[in-house]
Structures are given as C-alpha cells and as structure tokens.
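Participant: Could you have a look at this structure, given as structure tokens, before my questions?
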Amino acid sequence: MITASPHPRLSSPAPDWRELWRDAITDAGELLQAVGLGDLAGRLPPNDAGFALRVPRGFVARMRRNDPADPLLLQVLPQLAELDQAADFVVDAVGDMDARAAHGVLHKYQGRALLIASGSCAVNCRYCFRRHFPYGDEMAAAGQWRQSLEHLRQDPSISELILSGGDPLSLATGKLQELSRGLTELPHITRLRIHSRLPVVLPERVDKALLDWLAALPLQKVLVLHANHASEIDAGVDQACARLRQSGVTLLNQSVLLRGINDTADSLANLSERLFAAGVLPYYLHQLDRVQGVAHFEVDDATALQLVDALRARLPGYLVPRLVREVAGEPSKRPL
Ligand SMILES: *Cc1c(COP(=O)(O)O)cnc(C)c1O
Ligand code: SF4
C-alpha cells in the first residue's frame with residue numbers, strides 16, 4: 001500500500017545539483033513548449049546555429065510564460081540572427097589564444113592569473129565569447145593542475161588566482177579542493193577569485209560541501225557572479241548568496257549589456273537594486289565581445305554611456321557598475 005506523506009517536501013532530500021544539471025533542457029522545441037511558445041518552433045535556426053542549447057529547468061521557471069521577449073529566454077534561445085555574418089565580429093575577440101602562459105592559464109593582467117578550470121557551463125548563453133574557443137583542449141582540470149600551478153609557483157608577482165572557464169563550479173567540489181591544496185602551498189597567492197554563473201542559474205550548486213570547502217580555505221575569497229537581469233534572482237539565489245557570504249565570500253556581479261534584454265536604465269537599475277538586496281555588489285557591465293553570431297545583441301557605445309550616466313543620476317555610486325570593454329593586448333579591461 002502506498003501512503004502519501006503529509007510533508008513530501010520534507011521527506012525527500014533536496015535534489016543533488018548534478019542531477020539537476022543533467023536534467024537541463026537541451027532541445028529548443030521543448031524550451032518553447034515549456035514557456036507556452038510552442039508555435040514559434042518553426043522559426044528556430046537549424047542545428048541550434050552551431051552552439052548547443054542548454055538551460056536548467058529552475059532557470060526556465062523564472063521566465064514569463066507566453067512572452068517571446070522575456071529577457072531570460074532571449075539569453076538562451078537560439079535565434080536565426082546568429083547565422084548573420086557581421087563585419088568585425090570574429091572568432092577570438094578577446095585575444096585569449098595569444099595570452100596563454102601555460103596550459104589552461106591566461107596571464108594578461110598584473111598580479112592576477114586566470115585559470116580556465118573547466119570548459120562546461122550549466123547554461124549556454126547565446127552571446128558568449130566561448131562559443132568558438134577550443135576550451136575542450138584548454139581545461140586545466142583535465143589532470144593538468146600541476147603544470148598550471150607550476151606557472152604560478154614561478155611568478156611571485158601573482159597574488160590572485162581567478163578560476164574561470166567555462167564555469168569553474170561545474171567541477172566536483174573534490175577537484176576544487178585538490179586545486180586549492182596546491183594553491184595554499186604558494187605563499188604569494190593570497191586571494192582566490194571564482195567567476196561563476198552557477199549560483200544564479202543553478203543555486204543548488206551552493207551545497208554544504210562547497211560551503212565547507214570555502215569556509216575552510218585560508219585565502220581571501222571573492223565570487224563574481226554573472227546575472228544580467230533582475231528576474232534571474234529568485235529566493236533560491238538569495239539563499240545561495242546568503243550562505244556564500246556566511247562562508248566568508250565577498251560577492252560581486254558582472255553583467256553583459258545586451259540589446260533587448262537589459263538595455264534600459266530601468267532594467268539596469270532594477271538589477272543593481274536586486275543584486276544588493278541579495279548582498280551582491282555590481283562590479284562590471286561589459287560591452288559585448290564581438291564574436292561571430294552575437295551582433296544582434298550589441299548596444300552601441302553612445303547608448304551604453306547614456307545608460308550608465310542615467311544609472312549614476314539615480315543610484316548610489318556603489319550600485320553603478322563600471323562599463324568596460326575587453327581589448328586584446330591592454331593592461332586592463334578598458335573603461336568606456
Ligand atoms: C577579466 C580578466 C581578469 C580580471 O580582471 P579584473 O579587472 O581584475 O576583474 C584577469 N585575467 C583575465 C585574462 C581576464 O580576462
Ligand atoms: S555562463 Fe558564462 S562562460 Fe558559460 S556560456 Fe554563459 S556567458 Fe559563457
């Protein structure tokens with residue numbers, strides 16, 4: 001006999017983040033169905049325009065139904081416009097191929113080295129510069145920690161290691177532990193920074209094991225999230241952020257300025273306010289990297305500057321992100 005539990009939510013354990021990862025939507029038709037837009041399936045590009053669709057169901061649940069202009073949907077749904085060839089939109093827009101200092105290590109800026117810790121993401125963002133980069137070959141996690149750490153050991157000017165990707169929190173916590181053990185043997189490394197979209201798109205990733213690892217880490221810890229719109233932040237994200245802060249992590253956010261998604265002063269102001277409510281400070285607002293297939297997302301510089309001026313006029317200074325562009329060969333991101 002089957003008896004219904006009076007508290008099914010209490011009796012079943014929280015789903016493991018890896019299960020939720022595997023359960024992501026990867027079919028554009030299914031995504032459209034899920035948000036009540038099945039009739040738009042005929043307008044999808046063939047073969048997802050060459051960049052696989054991937055979006056966790058929890059993120060889909062934050063999309064408005066029956067709205068083809070939903071700002072979350074537009075970040076992940078393949079569009080015919082991605083097939084347009086635009087002049088000046090190239091394969092390696094940020095010069096990453098030239099900045100490789102060692103296997104998986106990008107050393108572009110003074111004092112900071114960036115480790116491509118993983119090539120995978122829980123979500124595939126259509127505007128991503130990564131859509132053309134051969135990250136599969138560059139993953140430091142593929143048993144190559146030693147070589148990457150050796151580069152760090154030999155350069156005492158590096159005080160901060162940035163884990164990026166892809167999404168470094170796509171790695172098992174055990175892998176992160178293994179890396180950080182090697183790091184803490186290098187006395188000149190004082191800060192660990194993690195660039196991750198996972199606490200936003202799959203907040204279940206912020207589980208006890210991850211928090212225990214962070215809390216025990218004898219380094220200063222910074223996590224730079226990636227959210228582009230206030231609607232991305234729900235109660236689950238709030239809770240993940242609160243737990244991260246309790247574990248001694250400073251939380252910042254970077255966004256990409258995206259046409260039709262967050263290119264109004266209201267949208268950007270709401271994002272800053274919503275981030276701060278979650279305990280996160282806005283850090284960067286990026287002008288799009290000009291990679292092939294993303295031209296339809298671009299906002300021109302004059303508009304971008306007007307938007308940031310409008311933000312400055314209505315928000316406290318600490319809620320105004322720095323508007324920057326990544327320019328190959330420069331000593332920092334270039335402020336606009
Ligand atoms: C963006 C970036 C950094 C970090 O730059 P900050 O201005 O310190 O946030 C470091 N290394 C690389 C290769 C980068 O692209
Ligand atoms: S999470 Fe970041 S790295 Fe991954 S697809 Fe999105 S923008 Fe690209």
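Participant: Is it possible to state the helix-based mean residue ellipticity at 222 nm for the chain, with each DSSP H run of 4+ residues giving -39500 (n - 2.57), the sum divided by total residues, to the nearest 500 deg cm²/dmol? What is it? Mind dumping the intermediate values first?
Facilitator: Working: 12 runs with 97 residues, N = 336.
The helix contribution divided over the chain gives -8000 deg cm²/dmol.
Participant: How high is the relative contact order of region 97-335? Use alpha-carbon pairs under 8 Å, at least six apart in sequence, and give a whole percent.
Facilitator: RCO, region 97-335: 16 percent.
Participant: Taking residue 108 as the anchor, which aspartates and glutamates have their alpha carbon closer than 14 Å to its alpha carbon, excluding any fewer than eight residues away along the same chain?
Facilitator: Candidates past the 8-residue exclusion: 96, 98, 155, 160, 326, 330.
Participant: Additional query: Give me the net charge for the shell around residue 127: Cβ to Cβ below 12 angstrom, other residues only, Lys and Arg +1, Asp and Glu -1. All intermediate terms of the calculation are to be shown ahead of the outcome.
Facilitator: Details: positive: 126, 130, 131, 259, 290; negative: 82, 289, 298.
Once all neighbours under 12 Å are counted, the net charge is +2.
Participant: Something else: Carbon and sulfur: what percent of the chain's accessible surface (1.4 Å probe)? Kindly include the intermediate steps, with their values, before the conclusion.
Facilitator: Working: 7770 of 15230 Å².
Answer for the chain is 51 percent, counting heavy atoms of protein chains only.
Participant: Solvent-accessible area per residue for the chain at a 1.4 Å probe radius, Å²? Mind dumping the intermediate values first?
Facilitator: Values: 15230 Å² over 336 residues.
Spelled out: the 1.4 Å probe surface of the chain, per residue, equals 45 Å².
Participant: Same structure again: Taking the Cβ-Cβ separation of residue 245 and residue 27 as r and a Förster radius of 30 Å, what is the calculated FRET efficiency to the nearest 0.05?
Facilitator: Details: r = 36 Å, r/R0 = 1.21.
Once rounded, the FRET efficiency stands at 0.25.
Participant: I've got another one for you. For residue 41, what is the net charge nearby, where nearby means another residue's Cβ is under 13 Å from its Cβ and Lys, Arg count +1, Asp, Glu -1? Please report the intermediate quantities before stating the final value.
Facilitator: Details: positive: 43; negative: 27, 30, 39, 48.
Within the 13 Å Cβ shell, the charges total -3.
Participant: Here's a follow-up. How much net charge surrounds residue 299 when only other residues with a Cβ under 11 Å from its Cβ are counted (Lys, Arg +1; Asp, Glu -1)? Don't skip to the end; give the middle numbers.
Facilitator: Numbers: positive: 259; negative: 263, 298, 300, 301.
It works out to a net charge of -3.
Participant: Under 19 Å Cα-Cα from residue 175, which lysines qualify once same-chain neighbours fewer than 8 residues away are excluded?
Facilitator: Leaving aside lysines fewer than 8 places away in the same chain, those within reach of residue 175 are 208, 221.
The values are calculated or read from the model by the stated rules, or taken from the named source; none is laboratory data. Being a predicted model, the structure only gives us computed values, none of them experimental. All Cβ positions, glycine included, derive from the backbone under ideal geometry; neighbour counts span all protein chains shown. Ligands, DNA and RNA are stripped out before the accessible areas are found, and what is left, the full protein with its side chains, is counted by its heavy atoms. Shrake-Rupley method; radii C 1.70, N 1.55, O 1.52, S 1.80 Å.
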